[in-house]
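Peer 1: I am attaching a structure below and will ask some questions about it afterwards.
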Amino acid sequence: MQLSRVKRRFIFLLSVWVLLSCSGGDKETMLESALRLAGSNRSELEKVLKHYGEKAGDSLKLRSAIFLIENMPHHYTVESDVFDDYYRQADSLFSLSYGPTGMRDRLDSLYKKFSSALGHAFHEGVMRKDIEHMTAEYLIRNIDHAYYKWREGPWTKHVTFEDFCEYILPYRFGTENIEDWRERLEEKFSERIDWLNDYDQKRHSAYWSTLHLNHELDKRGAYTPSLPIDHPVSYYESMKIGDCKDYAVYALFVMRACGIPVCVDYTPQWPNRGKRHIWNVVLNNNGKDVVFLGGDIDPGYPHYPADKFAKIFRRTYAFQKNSLFAMKGDEKIPPNLDTPFIKDVSEKYFEGTDVDVEIPRNVKTSNRFAYLAVFDNRGWVPVQWGEISRGGNVKFEKMGSSIVYLPVLYENKSVEGISPPILVNDTGKVIPLVTDTINRQRLVLKRKFPKFTGVLDYSKRVVGARIVASNYEHFKDSTIAGIIRRNPLMEYDTLNINTDEKYRYWKYLSPDSGFCDIAELKFFQDKADISGEARVTTNGKHFGRRTVECAFDGDELTYHQSVSPSGGWIMLDFGKPVRIDHIKYLPRNDDNNVKPGDTYELLYWGDNHWRSMGAFVSDADSLVYDNAPTNALFLLRNHTRGSEERIFTYEDGKQAWW
């Protein structure tokens, strides 16, 4: 019996020595460093190594344990009663039967209630480091389950051990509280795709299993506020509404529990609008990643094919030695890049351009790194780093095209411009935007933000609408006084009335599938809007607060919307027959058109900051500047209303948005 224990101990020590020797001294240092950082928890982690090291057939499980342990430092969560209370109240909301809009409103209220406390809890709560608290029991259970799904599962026949460590094995995603999620999610979801093995075409297919399981996740609505820590798996299980990150992370846990190799990729900041975006990839049987988004976009379906990406990273469990975090030393770096668990995977998505920047001699810094930043509608967000050479040159690798970047430093917790903006055009050519204040130009500006699909698509809901007039309330004798035939593209448009006759009742009759969707509706006699003289009625129920009064309130952001897609109308009863010359109408819109009465300020980038061309009140639906610089980057601000503002250049007499 004593000999047997000696043999087992020898096999364990030999296995660890062989594995570390084959991996190189650097890996040995990572493991020993991790065990040292574990402090009093070292014995728990050594139990895991001993558990697998004593069995000759468990060499891959031992390597799995070593991978998890040596990459465990810097993984943590933050514990606080505030987070616990927030999640309890969110779970209570999810148990109620609200639609997406109602749920979003209630989650917004909950978030606002906790907003300041959440930030305080993150900084004042208890940081629970995995390396100091991980139990042998949990880690062994995680390894055994993941390993079984890899070796015996139907969807991983093509997955190497290295891929297994990245796509299936990790027990956590980010900073969430650790839970026993594998068995729970497998029991809930695995049987929903077992039937695929009865189809020869779909058997063992990571693609088909992902596609069908993705249909089970059912993304509903969108909700963007986020906590300073990541949500636990139990939150996602009861979640009724969430954003791209919520569904991507939930899909990651579900797929991994079922033995499907999945990771999460993301862009830290859209280069042409606000916010970031997060999605999934599945390792297909041909060895290539296929993009999808949990509960929303199926694998193989085009994923934002016309959108621009400055950089794309992968969230990893493994410590990335080439990450900015690993190289920063004592230097303060931007928070969105301050993690060792991101890997640049831009080359998997686009052929990037290397951008070389020479830092001007008058810029003095002791920093080792500089950054390229993109504009997020309010300010500059770093998305890539480069090391400053002794000569003051910086190379930024694999940058996306058709994007304007600003070279910046990160100092005193803020971003500071250091040289002119750079346009990387569609062909990858790098064009410095050096403002020319000698040669001037005339600008005619109609908007402060580009027209995006989404809200823009609602404009077509007015096309085909008819203006009908009658002297009878039930319109038994009526005339078609006009038909809207063109898409106004989120702008006011005018429809001339084709009759000089006077009528008491005038009706806006929505086209089929138009939902009677209209933001503003004005009836003119000569040059006067007389809509306020009429009693307004409609024939159907409306969505939420989108009453018929919204079409006449002068607020361009509010709009009327009927519950019924077709057959809706808005009727104006003037009490007596009146002549109408024309109507002005505004479809549902983003309220970013230049508006008379609002105060605007035009800025251009010069000498590493925004310079003002003055602020004034607009008296028309466009702004004219006769003495603007050329080759400049501009920003138009509305000091009266709104928050969406976007950088642009001026080309061929038009705003070119970036």
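The values are calculated or read from the model by the stated rules, or taken from the named source; none is laboratory data. A quick note: this is a predicted structure, and the numbers were derived from the prediction, not measured. Every residue, glycine as well, gets a Cβ built from its backbone with ideal geometry; the counts of neighbours run over all protein chains shown. Only protein heavy atoms, including side chains, enter the accessible area calculation; ligands, DNA and RNA are left aside. Shrake-Rupley method; radii C 1.70, N 1.55, O 1.52, S 1.80 Å.
Peer 1: Looking only at segment 455-491, which residues are outside any loop (DSSP other than H, G, I, E, B) and either under 33 Å from the mean Cα position of the chain (by Cα) or at pLDDT below 95 (or both)?
Peer 2: If the condition is that a residue be outside any loop (DSSP other than H, G, I, E, B) and either under 33 Å from the mean Cα position of the chain (by Cα) or at pLDDT below 95 (or both), then 456, 457, 458, 459, 460, 461, 462 are the ones that fit.
Peer 1: Does any residue in segment 370-393 that is at pLDDT below 95 come within less than 9 Å, Cβ to Cβ, of a residue that is of a type in the set (Asp, Glu) and open to solvent by less than 10 Å² (accessible area, probe 1.4 Å) six or more places away or on a different chain, and which pairs are these?
Peer 2: Listed by first residue and then by second, the contacts come to 377/645; 378/645.
Peer 1: Residue 181: closer than 28 Å to residue 240 by Cβ and not acidic (Asp, Glu), yes or no?
Peer 2: yes
Peer 1: Same structure, new question: If only one of 242, 259 is modelled with pLDDT under 95 and either in contact with a Lys or Arg (Cβ under 9 Å, 6 or more places away or on another chain) or crowded, with 24+ Cβ neighbours inside 10 Å (or both), which one is it?
Peer 2: It is 242.
Peer 1: With surrounded by fewer than 16 Cβ atoms within 10 Å (Cβ to Cβ), in contact with a Gly (Cβ under 7 Å, 6 or more places away or on another chain) and either under 25 Å from residue 143 (Cβ atoms) or in contact (Cβ under 8 Å) with a residue 40 or more places away in the chain (or both) as the only criterion, which of 180, 218 stands out?
Peer 2: One residue alone meets the criteria, 218.
Peer 1: Kindly provide the set of residues from segment 221-231 that are over 28 Å from residue 148 (Cα atoms) and in contact (Cβ under 8 Å) with a residue 24 or more places away in the chain, ordered by number.
Peer 2: 221, 222, 223, 224, 225, 227, 228, 229
Peer 1: Which condition number does residue 74 fail, the rest of (1) closer than 15 Å to residue 136 by Cα; (2) touching a strand residue (DSSP E or B) at 6+ places or on another chain (Cβ under 9 Å); (3) open to solvent by 40 Å² or more (accessible area, probe 1.4 Å) being met?
Peer 2: Of the numbered conditions (1) closer than 15 Å to residue 136 by Cα; (2) touching a strand residue (DSSP E or B) at 6+ places or on another chain (Cβ under 9 Å); (3) open to solvent by 40 Å² or more (accessible area, probe 1.4 Å), the odd one out for residue 74 is (1).
Peer 1: Among the numbered criteria (1) polar (S, T, N, Q); (2) open to solvent by 10 Å² or more (accessible area, probe 1.4 Å); (3) under 17 Å from residue 263 (Cβ atoms), which single criterion is violated by residue 156?
Peer 2: All conditions are met except number (2).
Peer 1: For segment 509-552: of the residues being out of contact with any strand residue (DSSP E or B) (no Cβ under 8 Å at 6 or more places or on another chain) and within 24 Å of residue 105 (Cα to Cα), which is modelled with the lowest pLDDT?
Peer 2: 544
Peer 1: If you don't mind, another one. Go through (1) modelled with pLDDT of 95 or more; (2) more than 22 Å from residue 142 (Cβ to Cβ); (3) not β-branched (Val, Ile, Thr) for residue 305 and report which single condition fails.
Peer 2: Status for residue 305: all satisfied but (1).
Peer 1: I'd like the full set of residues that are among the small types (Gly, Ala, Ser) and in a strand (DSSP E or B), limited to segment 518-577.
Peer 2: 528, 562, 575
Peer 1: Still on this structure, please answer the following. Of everything in segment 286-301, what is closer than 16 Å to residue 348 by Cα, out of contact with any Pro (no Cβ under 9 Å at 6 or more places or on another chain) and at pLDDT 95 or above? Give them in sequence order.
Peer 2: Those that are closer than 16 Å to residue 348 by Cα, out of contact with any Pro (no Cβ under 9 Å at 6 or more places or on another chain) and at pLDDT 95 or above: 286, 287, 288, 289, 299.
Peer 1: On to the next question. Does segment 465-517 hold any residues that are among the basic types (Lys, Arg) and open to solvent by less than 70 Å² (accessible area, probe 1.4 Å), and which are they?
Peer 2: Residue satisfying the conditions is 507 alone.
Peer 1: Here's a follow-up. Note down all Cβ pairs under 6 Å where the first residue falls in segment 551-570 and is crowded, with 22+ Cβ neighbours inside 10 Å, the second is of a type in the set (A, V, I, L, M) and part of a loop (DSSP other than H, G, I, E, B), and they're at least six residues apart or on different chains.
Peer 2: 559/519
Peer 1: Okay, moving on. Look through 90, 121 and report the one residue that is touching a residue at least 12 places away in the same chain (Cβ under 8 Å), assigned to a helix (DSSP H, G or I) and over 18 Å from residue 234 (Cα atoms).
Peer 2: Of 90, 121, the one residue that is touching a residue at least 12 places away in the same chain (Cβ under 8 Å), assigned to a helix (DSSP H, G or I) and over 18 Å from residue 234 (Cα atoms) is 121.
Peer 1: Could I ask something else about it? Is there any pair linking a residue in segment 625-642 that is in a strand (DSSP E or B) to one that is charged (D, E, K, R) and open to solvent by 70 Å² or more (accessible area, probe 1.4 Å), with Cβ under 6 Å and at least six apart or on different chains, and which?
Peer 2: 626/442; 627/440
Peer 1: Considering only residues of segment 594-621 that are farther than 25 Å from residue 491 by Cβ and part of a loop (DSSP other than H, G, I, E, B), which is most open to solvent (accessible area, probe 1.4 Å)?
Peer 2: Per the stated criteria, the residue is 607.
Peer 1: Considering only segment 297-318, I want to know if a residue exists there that is surrounded by fewer than 19 Cβ atoms within 10 Å (Cβ to Cβ), free of Cβ contacts under 8 Å to residues at least 40 places away in the same chain and within 23 Å of residue 164 (Cβ to Cβ).
Peer 2: no
Peer 1: Hey, another quick one. Only one residue in 42, 63 is open to solvent by 10 Å² or more (accessible area, probe 1.4 Å), in contact (Cβ under 8 Å) with a residue 12 or more places away in the chain, over 23 Å from residue 232 (Cα atoms) and part of a helix (DSSP H, G or I). Which one?
Peer 2: 63
Peer 1: Starting from residues that are outside any loop (DSSP other than H, G, I, E, B) and either within 30 Å of residue 123 (Cβ to Cβ) or open to solvent by less than 20 Å² (accessible area, probe 1.4 Å) (or both), keep the ones in segment 191-210 and report whichever is modelled with the lowest pLDDT.
Peer 2: Across segment 191-210, the extreme among qualifying residues is 196.
Peer 1: If you go through segment 172-201 one residue at a time, how many are more than 26 Å from residue 83 (Cβ to Cβ) and of a type in the set (Lys, Arg)?
Peer 2: Qualifying residue count, segment 172-201: 1.
Peer 1: On to the next question. Please note which helices (runs of 4 or more DSSP H) are completely contained in segment 232-328 and include at least 3 residues that are under 24 Å from residue 145 (Cα atoms).
Peer 2: Output list reads 233-238, 244-257.
Peer 1: From 106, 141, which residue is outside any strand (DSSP E or B), in contact with a helix residue (DSSP H, G or I) (Cβ under 9 Å, 6 or more places away or on another chain) and more than 29 Å from residue 220 (Cβ to Cβ)?
Peer 2: 141
Peer 1: Same structure again: What are the residues in segment 350-391 that are of a type in the set (Gly, Ala, Ser), loosely packed, with under 15 Cβ neighbours inside 10 Å, closer than 18 Å to residue 334 by Cβ and over 22 Å from the mean Cα position of the chain (by Cα), if any?
Peer 2: The one that is of a type in the set (Gly, Ala, Ser), loosely packed, with under 15 Cβ neighbours inside 10 Å, closer than 18 Å to residue 334 by Cβ and over 22 Å from the mean Cα position of the chain (by Cα): 366.
Peer 1: Restricting attention to segment 320-340, does a residue exist that is of a type in the set (Asp, Glu) and closer than 27 Å to residue 165 by Cα?
Peer 2: Yes, some residue in segment 320-340 is of a type in the set (Asp, Glu) and closer than 27 Å to residue 165 by Cα.
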